[in-house]
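The values are calculated or read from the model by the stated rules, or taken from the named source; none is laboratory data. Fair warning: this is a prediction, and the values are worked out from it, not measured in the lab. Quick reminder, even Gly has a Cβ in these numbers, built from the backbone with ideal geometry, and neighbours come from all protein chains shown.
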Amino acid sequence: MFKKIDHVELVPKDADTTIRFYTDVLGFRETSRHKIDMPPLKEVIYLRLGDTVMEIVSIDQPKPRPQTPWQTGYHAIALEVEDMTQAVEYLKTRGIHPSRQPVDLGDSFRAEIQDPDGLTIELRQWKRANR
């Protein structure tokens, strides 16, 4: 009945800044843009990385979400990386430092970074190819 997660939707403070981060830094590619004339909704932009689709929703004056630890709701997205050390070093060259340093969890390595709005992005390197 249910097949997969179709997309993840983000409402950023500034859509262009967020798009640049996900495309220029993380390697997503923009696949489409749709102007929307339904204030406060302005535009919907789709980004893709492999089989993952991110929907960026541009609206006028979005309100920030309260920043309290462990609040109810979605906590993070996770990106699988081939090599944690290489990924972290690459991100540092782009001025992005882990908000949580890499840790060895036994079957994987895990770290966290944040996007321009402070949303958590988990980085995960699995030790086994077919987990």
Options GLN71, GLN125, GLN61, GLN67: the member that is in a loop (DSSP other than H, G, I, E, B) and touching a residue at least 24 places away in the same chain (Cβ under 8 Å): GLN67
In the range 10-58, the residues that are within 30 Å of GLN86 (Cα to Cα), among the acidic types (Asp, Glu) and part of a strand (DSSP E or B): GLU30, GLU55
Please specify each residue of the range 107-120 satisfying the condition of being free of Cβ contacts under 8 Å to residues at least 60 places away in the same chain and either surrounded by 13 or more Cβ atoms within 10 Å (Cβ to Cβ) or under 13 Å from the mean Cα position of the chain (by Cα) (or both). SER108, PHE109, ARG110, ALA111, GLU112, ILE113, GLN114, GLY118, THR120
Does THR85 count as out of contact with any His (no Cβ under 7 Å at 6 or more places or on another chain), farther than 23 Å from ARG128 by Cα and either in a helix (DSSP H, G or I) or not acidic (Asp, Glu) (or both)? no
Among the residues in the range 94-106, are any farther than 16 Å from VAL25 by Cβ, surrounded by fewer than 10 Cβ atoms within 10 Å (Cβ to Cβ) and not assigned by TED's automatic domain parsing to the domain that holds ALA15? yes
Which pairs turn up if I take residues in the range 28-39 that are farther than 12 Å from GLU55 by Cβ and without any contact (Cβ under 8 Å) to a residue 60 or more places away in the chain and look for partners that are small (Gly, Ala, Ser) and surrounded by 10 or more Cβ atoms within 10 Å (Cβ to Cβ) with beta carbon separation below 8 Å, at least 6 apart in sequence or on another chain? none
Taking the conditions exactly as written (under 25 Å from LYS127 (Cα atoms), touching a helix residue (DSSP H, G or I) at 6+ places or on another chain (Cβ under 9 Å) and not in a strand (DSSP E or B)), does LEU91 satisfy them or not? yes
